[in-house]
1. Just to verify a number: FRET efficiency for residue B:411 and residue A:135, C-beta to C-beta distance, R0 = 60 Å, to 0.05?
2. Give the residue list of trypsin sites (Lys or Arg not before Pro) in segment A:94-123 that are DSSP loop and have at most 13 other beta-carbon atoms within 10 angstrom.
3. Need one word for segment A:259-497: rounded, prolate or oblate. Basis is the Cα gyration tensor (sqrt eigenvalues a ≥ b ≥ c); a/c below 1.5 gives rounded, then a/b vs b/c decides.
4. Test of understanding: given chain B, find the longest segment containing no GluC sites (Glu not before Pro) that are in a DSSP loop and have at most 16 other Cβ atoms within 10 Å.
5. Would you please give the residues with an amide H less than 5 Å from that of residue B:151, counting only those at least 5 places away or on a separate chain, with H modeled from the backbone geometry?
6. Which distance in nm do the two modelled labels at residue B:167 and residue A:353 give, with both placed 7 Å along the Cα-to-Cβ direction?
7. What does segment B:155-198 give for Rg and for Dmax, in Å, if only its C-alpha atoms count?
8. Tell me, how many Å apart are the Cα centres for segment A:288-334 and for segment A:437-476?
Amino acid sequence: MTFILFFSVFLIAACGLIYELIAGALASYLLGDSILQFSTVIGTYLFAMGIGSYLSRFIGRGLVARFVTIEAMVGLIGGFSSSILFLAFAYTESFRFLLYSLVTLIGILVGLEIPLLMRILKDRFQFHDLVAHVLTFDYLGALGASILFPLLLVPRLGMVRSALLFGILNAAVAFWSTFIFRHQIGSPAGLRVICLMVLAALGAGMVGADRLTGLAEENLYADEVILSRNTRYQRIVLTRWKDDLRLFLNSHLQFSSRDEYRYHEALVHPGLAALPHARSVLVLGGGDGLAVREILRYPQIERVTLVDLDPEMTQLFSTNPMLTELNGRSLLSPKVRVINADAFPWLSENGEMFDFVAVDFPDPTNFSLGKLYTTAFYRLLAKHLSASAYVAVQSTSPLFARTSFWCIVETIRGAGLKAHPYHVYVPSFGEWGFVLAGAFPYEPPALLPEDLRFLTPANLSNLFDFPRDMQPVDVQPNRLNDQILVRYYEKEWSQIAR
Amino acid sequence: MEPDRPLVPSRRRFLSAALVGLSQKSGRAVTGSFVLESHEAGHRLRDRAFAAMPAREQRVPLVIVGGGIAGLCAAWRLRRRGFRDFVVLEMEDRAGGNARWGENEISQYPWAAHYVPVPGPGPSLARELFEELGLFEDGEPSERHLCFSPQERLFLQGRWQEGLEPAGTPKDIDQYKRFSDRMADFRANGAFRIPAGDSLRLGELDRLSMRDWLLREGFDSSYLQWYCDYSCRDDYGCSSADASAWAGIHYFAAREDHDPGPFTWPEGNGWLVKRLLERVGTHVRTGATVCQAAREKNRWRIVTKEIAYVSDAVIFAAPTFLAPFLIEDMPAPQAFEYSPWVTANLTLDRLPRERGVPLAWDNVIFNSPSLGYVVATHQSLASRIERSVWTYYWALADGEPAARRRDLLASGWNRWKEAILDDLTRAHPDIRECVSRIDILRLGHAMIRPSVGFLTSQARRKFTAYEADNFWFANSDLSGISIFEEAQYRGVTAADRALARISK
Ligand SMILES: Cc1cc2nc3c(=O)[nH]c(=O)nc-3n(C[C@H](O)[C@H](O)[C@H](O)COP(=O)(O)OP(=O)(O)OC[C@H]3O[C@@H](n4cnc5c(N)ncnc54)[C@H](O)[C@@H]3O)c2cc1C
């Protein structure tokens, strides 16, 4: 019996510390400045415990019943604390207010625990023994919690489940207290029901913890998430607000249906309209089929080969009605062949020739993607070009990432091709850049397909004109053995982010 | 098409990791074994326990013993000079020696040698061969064969940092600067060349250890000392206290300052072996252990299990220390010390978690007894690499080589496997959940040691200048510096000498 008693002290002490640590850790994760967050959370918490201890003097009779209720409440509130905080961060503006309210509330309740327990136990033990034992186990519990938290709980369970787990332990202590002290309680049945309900709620929370991610995530995208899928390669999220459909890959915006036509017209037409004899076209990346849609405007094109890494992506854009409407069912055209492969190895193992190539890769955010923007890559690509062919390359923003943009231009030149850089304004992206590359000098075409929404033959040549703040800078070409582009890019976009 | 939205992803990524936590997985069973064991055959050679009574005899003007880089390059040279009447006898089932490679469902991978620095612009044998193999395009090293970026990283203070030089205090940085200035002076001096040759300039630097030289010059930064010690273990398999200062400096001063490379391939220098075999493979006899070479009237009788070759001349490109066991009256090579090594190839079903800069080609753990690992899939063109093979290197550098060789053979596969995983766990806590297979190669006499005094020793001269009875030594161990270029130089030099004699 004595063991169970002191074990309970150990557990509630551990629980108390875990809630505090979770609040501190969450605040520093989500708000940054961990020193500030931890000190203020700990300070608030200790102060609230003081309030709790002080308040304990006002509790007169029915000590055990009060103790059990308080335990159950701590379990419930503490257990859900991190879920509440996460959702608050995702959905509300009042994260800080909720944080400190929760910390205060839990602190007060935890502050009540030990004084009440001592008073409950004071008739069973000598007072000096009691104080010594209770405080010993209290501190031991704190030690256990502080070791478990960083080593096991956060890495293995995550914050939400850790809090829930300790909430369950807290409620369990409440539950067995109704048995240990049954002689000191009038009617234990009611208390037991409360405890069981709390346990059930926490248990359900434990099971549903995964779904909570989705719930919290949804709100990080401004609009309604209508589809979200983890493929082997990436996380695809589709959102909609009124008539605006947006695609995110790994949280990077790929297009907004409101202005993607600007981007895709600019990617395809300056090059392809200048090639009246083109028959066979290659698209690298661009599994959304939007570039293919533009390419299919040319009746003389006989064959379009789309190479995209992710089969689920091309599948989605071949079947989902909303998306096939957007890309004009381009991926279902009999002229189109979809190949799911990694572009660089695919090119090196394949000998086909093309009259026009649209290169629509994600930006060079890391060394893996950076390979797709190297002299080695463009040299290989050049071997797949028929005599008069052009390549159009999406080349990040010449305004936000000016060095990166000109580095891509320089790299294409380093691979022995002529490069003709141009840019357009796409509202959801900002100023965006492309490079047209080929063996020959380029003349903008006099004719464009009809019913384009953005480009006209008259404004085409303006795209090749760069205003002062986007003009060339001195850069090195990007090679496999130095990947300087990734470094440029990282530097430039991190400045924007700040 | 993708403007970055840095705030959103970081917040989102954090949410999913912290909310759901990472599912718990138990350590998994790792399979594997020792591979390509050759010490038993070696011991039988040593004990002259091969009872070879070859049924056939074959006449061939020139025999090359050993199909490592030295033997294959001797063959390459002979063919380029129009000579075809020779065979290369190789003990193993495949040629290559220390440049051998393996392959599994994920990648090819090296068993030992894995890179060659880009040869400088001046004429050299390496440059000549590499031009022939298409490693240069219009005089520039071909990008596809150069080591991709990021090339090197170091695990220090709980995270991976870029490059191999540990970032330290201003004092360390100052000493690095001074050190690299000294190396630049040595480079300009021209005494340190590749190949190093037989009579060294600045030979006095061979009379003290690299460690003593550092101390003498006032380099007391512990980071710099670690870096130099690492370099000696990496290149020579011995510590900076054992390597001669000449050799230690050679590592830095013989290379171009701004090396864009090195050249490397998934299968390491096995790529070069394959190209050499395309040229001379028809001359190579594998599974042909030479157990005796005897002088018979003015000829050599080279005995293997099935065939005895009767030749006018011999190029001995197997390790030099074997010579006295195979050849009567051959004096034992004094002062030739060899470092024992362990290499291992780890099959990873997924890449482990880690902190710091991303995975590089060469990954070194600070203050580890090992030399870290090289990633076989690094040269892949793919933008998604989910599984990999890592080649792990461990030179048993401390203590007496003979004692360490005994340790090498005494410990079972399980012990080595555990030691390797423990070492990697420092940098990758979940490595045990990622690795499915570890194959381990034990090399008792992996490479020659340039111990203090060896490079300038008479003992070495005796074998580099050996000329009696149309017999030439050619293994890279003659150079005291175990690298591709030395092996090639020794093979080519022996081939030229042999041709000069035979055509007389
Ligand atoms: C772990 C390790 C890593 C290395 N990494 C590099 C590196 O990255 N870059 C680099 O340039 N160098 C590296 N080296 C050095 C490497 O040893 C040389 O580059 C080169 O491969 C040596 O070639 P070799 O022909 O002189 O000797 P070996 O490769 O030793 O060749 C000797 C050959 O003789 C055969 N042989 C032995 N006995 C007999 C017999 N009785 N009959 C017939 N055949 C016999 C052997 O099987 C072997 O094939 C490394 C060495 C080791 C051990």
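Bear in mind that the values in this text are calculations on the coordinates, not laboratory data. These numbers were taken from a predicted model, which means no experiment stands behind them. Counting neighbours? That spans all protein chains shown, and the Cβs are built from the backbone with ideal geometry, glycine included.
1. Details: r = 51 Å, r/R0 = 0.85.
About 0.75, to the nearest 0.05.
2. Those satisfying the criteria are A:122.
3. On the way: a/c = 1.35, a/b = 1.23, b/c = 1.09.
Judged from the Cα gyration tensor, segment A:259-497 comes out rounded (a/c under 1.5).
4. Values: sites that count: B:37, B:105, B:217, B:256, B:306, B:328, B:386, B:467.
Of all site-free stretches, the longest is B:106-216.
5. Hits under the 5 Å cutoff: B:361.
6. 5.1 nm
7. 14.9, 44
8. 25 Å
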